[in-house]
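Okay, structure first, notes after.
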Amino acid sequence: MDKNIPIDQNMIDYIFSHSESLHKVQKKILKFNDNLGKAKRLQISILQANFLQFLIKAHKFKSCLEVGTFTGYSSLSMALSLPKNGKVYAIDKDIKTNKIALNFFKEAKVNNKIFIETNNGINALKKLVKSKKKFDLILIDADKESYIKYFNYAVQLISKRGIILIDNTLWKGEVLNQNANDKLTLKIKKFNEYIKKKKINKYILPLGDGFTICWK
């Protein structure tokens, strides 16, 4: 059996206390999201955001694409790690949360690095493919029903040495539940099986609700 230590809240607090501090606006978004009830689940975890920042800094990435922005925690985290000329292209169809995110970006003074397109994810990705855009890092964290389509577009949009990350691929552990027959669990299982068969490098990392990382 593989060696893993239990990760409870005390361990997470210890990790945070011995890591780089969060930006004040990152903290502000987290506090804002805490008051959103069940909708908070749409935010990636702090550990996942830290991992995104590590990838950007370590690989010196300059361009990021995000499908599913919510209130902007992941976009902001990426933008804070990018160089001055770095860009985040964020896609989300929710006008209300896009406005909230933009206000946070302005407060953190990174709004010049982030462009939000209010649009359906598929339509926005089609346009980017048509215009032959390329990105160093792509984060997929939107409606699970479209994950396979999002991934196939991402493969066309990723740069030669880029990385694609997909959130929620362990789905609160329900991927192991053989009796689970709800629509979203079945979609995640189908997506995981699809990626498993693709000729692309891949790992599922047990961060947050499961982070699949792929690269060519």
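General remarks:
- Members of region 1-35 found to be at pLDDT below 95 and of a type in the set (A, V, I, L, M, F, W, C), listed by number: MET1, ILE5, ILE7, MET11, ILE12, ILE15, PHE16
- Total residues in region 58-78, condition open to solvent by less than 20 Å² (accessible area, probe 1.4 Å) and more than 21 Å from LYS40 (Cα to Cα): 3
- Residues that are touching a residue at least 40 places away in the same chain (Cβ under 8 Å) and open to solvent by 10 Å² or more (accessible area, probe 1.4 Å), drawn from region 158-195: SER159, LYS160, ARG161, ILE163, ASN168, LEU170, LEU184, LYS187, LYS190, TYR194
- Checked against the criterion of being over 19 Å from the mean Cα position of the chain (by Cα), more than 19 Å from ASP167 (Cα to Cα) and not polar (S, T, N, Q), region 37-58 contains one or more residues that satisfy it.
- Extreme residue, nearest to SER77 (Cα to Cα), among residues of region 98-157 that are among the basic types (Lys, Arg) and open to solvent by less than 40 Å² (accessible area, probe 1.4 Å): LYS113
- Selection within region 182-216 - more than 18 Å from the chain's Cα centre (by Cα), under 20 Å from GLY162 (Cβ atoms) and either part of a loop (DSSP other than H, G, I, E, B) or at pLDDT below 95 (or both): LYS198, LYS199, ILE200, LYS216
The values are calculated or read from the model by the stated rules, or taken from the named source; none is laboratory data. What you are looking at is a predicted structure, and each value in this text was computed from that prediction instead of being measured. Neighbour counts run over all protein chains shown; Cβ positions are idealised from the backbone, glycine included. In case anyone asks, the SASA skips ligands and DNA or RNA and just uses the protein heavy atoms, side chains included. Shrake-Rupley method; radii C 1.70, N 1.55, O 1.52, S 1.80 Å.
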